[in-house]
Amino acid sequence: MFAQILFILSALLAVAGALMVVFSRDIMHACIYLLASLVGVAGLYLTLGADFLAATQLVVYVGGVIILMLFAIMLTGGGREPSEKMKLLMQVPLMGSPRTYVLSFLALLVLSLTVGKLFVRVMEGFTSVDKLPYMGTVDSIGTLLVTKHVLAFEISSVLLLGALVGAAVIARPNKKRGAK
Amino acid sequence: MNSTVVHYLSQFQFFHQLLAMMGKEYLPLLSLIIFLLVVLIMLGALSLVGGLGTYAERKISADMQARYGPNRVGPFGLLQFLADGIKMFLKEDTVPRSADRLIFTIAPIFCLAGVFGTIAVLPFSSGFMLTDLNVGIFYLLGVSSLVGIGVFLGGYASNSKWSMLGGMRGASQIISYEIPVTITILAVVMLAGGLSLQTLVNSQGAAIWHWNFLHNPFMFVGFFIFFIGALAETNRAPFDLPEAESELVSGYHTEYSGMRFAFFALAEYIEIFVVCAVATALFLGGYHVPFGFGGEAPLGQVLQVVTFASKTFALYYVVIWVRWTLPRLRVDQLMTLCWKYLTPIALFNLIGTIIWLYLTNGRSIVALIFG
Amino acid sequence: MALDLLNIYMPVVLLLAIGVLAVPITLLIGRLIRPANPSQLKETAYECGEMPVGGAWSSFNIRFYVVGLIFIIFDVESALMFPVVAVFNKFNSLGMGGLILVEILIFLLVLIAGLAYCWRRGDLDWVKSYSAANRSDSGVENE
Amino acid sequence: MLARKNIIAILLGIELILNASALNFVAYSKFLAGNMDGQIFSLFIIVVAAAEAAVGLAIVIRFYQINESIHIDDAAQLQG
């Protein structure tokens, strides 16, 4: 019984959040709605029994990517000052160009498709998880990471190194030209 | 392995009589009621702890400065925090005109939800633990990072230079001190071999030399890194730069008045309790009662809760004590301490623990010496 | 007595719901009781007494972003490390501890190299190197 | 309000897509294959998404520092 409630709650949160991200005017509000949508997706992971993934989603996305987005918005003009050039086109919604519209609607389509398919499954009253949740997936993920997917595990550390060094170099105001 | 309160309570007669009375198929509803009851008890107890925290802080700081703390309201000033609470409730709630209304109201929600979310996994005693998630400590890290977002949005929404500066500094301080804390928790998880707080506590014994922080030298250093990181994460003591009264006029919650400010303060004080509780669960042997009194019987559970609470309040006292003895750090000292001292030492600790566990395959220093 | 398997998450959902609902409910109740006479002066941002000067959107310094960047890289690293670390003891007792040890060490050393690079290139310094290096750069934010 | 087409809004959209695909993997691996590979793969999707967001935002900030606006059309010329 609780599985259905949890599923419906997180599915609604995910889809509504995603919708609001597309339609919100203020970039900061878009960030908040994205956060709500990510928490909804974490809830969906729970109904699928992937509890470690739900926690990773919380830690990495909600605790990391969203804060980075907020900092980036602050560092690029705080998101509230429409540049003088574009004063007249005030009413064009945030994601003006058609390409970005397609992008976000694609995301919405995929998300709602998945949620729709799951919805049918849940309504048939499937046993929520085949393994007991408190047996959890951490041990099996750990074992798999260390035995079968070792290469991916090691390469992801190199990927992170590349991202760290690259972003640090880009974000560093080089002394020569002086940050404007 | 009773994983939730309901499992624990289901051993007793009254649970079965209740169930029989309500009819078999109402079990989910019954567990919902029990969960709701236990959650409300815990929230009541913790807001009491939060309130008493303010009282204790003012009383202890008064003793340290040889003056009287609050002693007007109620016996020995015990009801002072109630008086503050009611005053907050009745004060007018002003929202700066240029503030962003939506985010202005959402910021305290993040702080509060972040702190309340962590209560679900706190191991008060083997039975009286709300829920023993298999990803307990990792879930706790995820939810407590919500507070950083709450601080940032609080600063952003009030649209004044002071609070925005405080919000940015607060958020960057919280997230940068989360790294040494996370790496130290990695080392503790390696010791216990599992993520759920129940296994983390059960891997330690009741006697002091069985506690985690004496398991090996790296754990000893790790405990202090965890404590310093925890202090910084709750914007306390030497690290309370974001709400530094002198410079930023109490930083990100400058514009909040009345009840909204009370949410931030409540969240902060409950978070200190949560952080001290996690420190005891990870390093100081959690709810294990010395000489093995604790057990499944209700009396054993009460003893376990009492030991857990006494250890946590001892740490709470140290947090308050540190606040009134150490001067405040500058921003660059704050960040240099975190990135150039705490994180490298935490990484070194992690590698040390791995090698230690590999060499002695899991035995503690005491076991090595005494064979 | 097989409880519904997902009941273990019920307190989590309950607590988060209470955390989210407590704020609006208390504010609504308060609205009925509280005096509410908004005045122009009360609504302005607090400026230690003087009138607030200009907007608050001075562009901030880049250091905040570098901190967030390093945080997220190490956050993801710890997220990947948690399952491996949790399984270490099991493998150690099985005798395969050495293999796991090497894997974890490689994973860690690669990232420590990243941190060392950032440290040496001065990304971790907060104030010293910037104010010293470019005296000319007034920068609104030089604390 | 912010009428210009903000690059950061596009990055938000990308985060959404990555999430949707990660969710797909977990769902299929549970209902069809029944093994854990789907979860491992979506774990790595989260890792890559975080790294991508970090670098993407660094570029956006640097872009803002160079020519004061994060309007998508300004990003037309390549040398920047």
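The values are calculated or read from the model by the stated rules, or taken from the named source; none is laboratory data. All of these numbers come straight from a predicted model, not from anything done at the bench. Don't worry about glycine lacking a Cβ; one is built from the backbone with ideal geometry, like all the others, and counts go over all protein chains shown.
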Condition set loosely packed, with under 15 Cβ neighbours inside 10 Å and in contact with a helix residue (DSSP H, G or I) (Cβ under 7 Å, 6 or more places away or on another chain), scope region B:341-365, selection farthest from the other protein chains (Cβ to nearest Cβ): answer is B:Thr360
### Query
Given the structure, is B:Leu186 surrounded by 24 or more Cβ atoms within 10 Å (Cβ to Cβ), under 21 Å from the mean Cα position of the chain (by Cα) and not in a helix (DSSP H, G or I)?
no
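Residues are listed down the side, and each one gets a yes or a no for (1) under 22 Å from A:Asp139 (Cα atoms); (2) at pLDDT below 80:
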{"site": "D:Ser29", "(1), (2)": "yes, no"}
{"site": "D:Asn35", "(1), (2)": "yes, yes"}
{"site": "D:Phe41", "(1), (2)": "yes, no"}
{"site": "D:His71", "(1), (2)": "no, yes"}
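Yes/no per residue for (1) farther than 18 Å from D:Ile14 by Cα; (2) surrounded by 17 or more Cβ atoms within 10 Å (Cβ to Cβ):
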residue: A:Ala3; (1), (2): yes, yes
residue: A:Leu6; (1), (2): yes, yes
residue: A:Leu13; (1), (2): yes, yes
residue: A:Ala16; (1), (2): no, no
residue: A:Gly40; (1), (2): no, yes
Filter region B:122-146 for residues that are touching a Phe, Trp or Tyr at 6+ places or on another chain (Cβ under 7 Å) and assigned to a helix (DSSP H, G or I); the one that is nearest to B:Ala267 (Cα to Cα) is B:Leu146
Of those in region B:57-96 that are facing another protein chain (nearest Cβ under 8 Å) and either over 18 Å from C:Ile25 (Cα atoms) or not in a helix (DSSP H, G or I) (or both), the residue modelled with the highest pLDDT is B:Lys91
Being surrounded by fewer than 21 Cβ atoms within 10 Å (Cβ to Cβ), modelled with pLDDT of 85 or more and β-branched (Val, Ile, Thr) narrows B:Val181, B:Val221 down to just B:Val221
Counting only residues that are in contact with a helix residue (DSSP H, G or I) (Cβ under 6 Å, 6 or more places away or on another chain), of a type in the set (Phe, Trp, Tyr) and under 27 Å from B:Phe293 (Cα atoms), region B:186-225 contains a total of 4
Of the conditions (1) part of a helix (DSSP H, G or I); (2) over 16 Å from the mean Cα position of the chain (by Cα); (3) within 22 Å of B:Arg363 (Cβ to Cβ), the single one that B:Ser176 does not satisfy is (3)
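Please state which one of B:Leu191, B:Leu195, B:Leu231 is assigned to a helix (DSSP H, G or I), crowded, with 24+ Cβ neighbours inside 10 Å and at negative phi. Reasoning before the result, please.
Numbers: B:Leu195 fails: assigned to a helix (DSSP H, G or I); B:Leu231 fails: crowded, with 24+ Cβ neighbours inside 10 Å.
Criteria check complete, one pass: B:Leu191.
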Can you find even one residue in region B:99-120 that is farther than 30 Å from B:Gly205 by Cα and outside any helix (DSSP H, G or I)? yes
For region B:97-151, the count of residues that are more than 10 Å from chain A (Cβ to nearest Cβ), surrounded by fewer than 23 Cβ atoms within 10 Å (Cβ to Cβ) and over 27 Å from B:Leu32 (Cα atoms) equals 5
Taking first residues from region D:29-51 that are at the interface with chain A (Cβ under 8 Å from one of its Cβ atoms) and second residues anywhere that are of a type in the set (Asp, Glu), the pairs with Cβ under 7 Å that are 6 or more apart or on different chains are D:Ala49/D:Glu15
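Taking region A:145-171 only, how many residues are more than 7 Å from chain C (Cβ to nearest Cβ) and surrounded by 23 or more Cβ atoms within 10 Å (Cβ to Cβ)?
Qualifying residue count for the region: 0.
Okay, residues lined up against (1) at pLDDT 80 or above; (2) surrounded by fewer than 24 Cβ atoms within 10 Å (Cβ to Cβ):
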{"position": "B:Thr199", "(1), (2)": "yes, yes"}
{"position": "B:Thr254", "(1), (2)": "no, no"}
{"position": "B:Gly258", "(1), (2)": "no, yes"}
{"position": "B:Phe273", "(1), (2)": "yes, no"}
{"position": "B:Leu282", "(1), (2)": "yes, no"}
Considering residues that are crowded, with 20+ Cβ neighbours inside 10 Å and at pLDDT below 65, the number found within region A:101-128 is 1
Of the residues in region B:273-305, those that are in contact with a helix residue (DSSP H, G or I) (Cβ under 6 Å, 6 or more places away or on another chain), assigned to a helix (DSSP H, G or I) and β-branched (Val, Ile, Thr) number 3
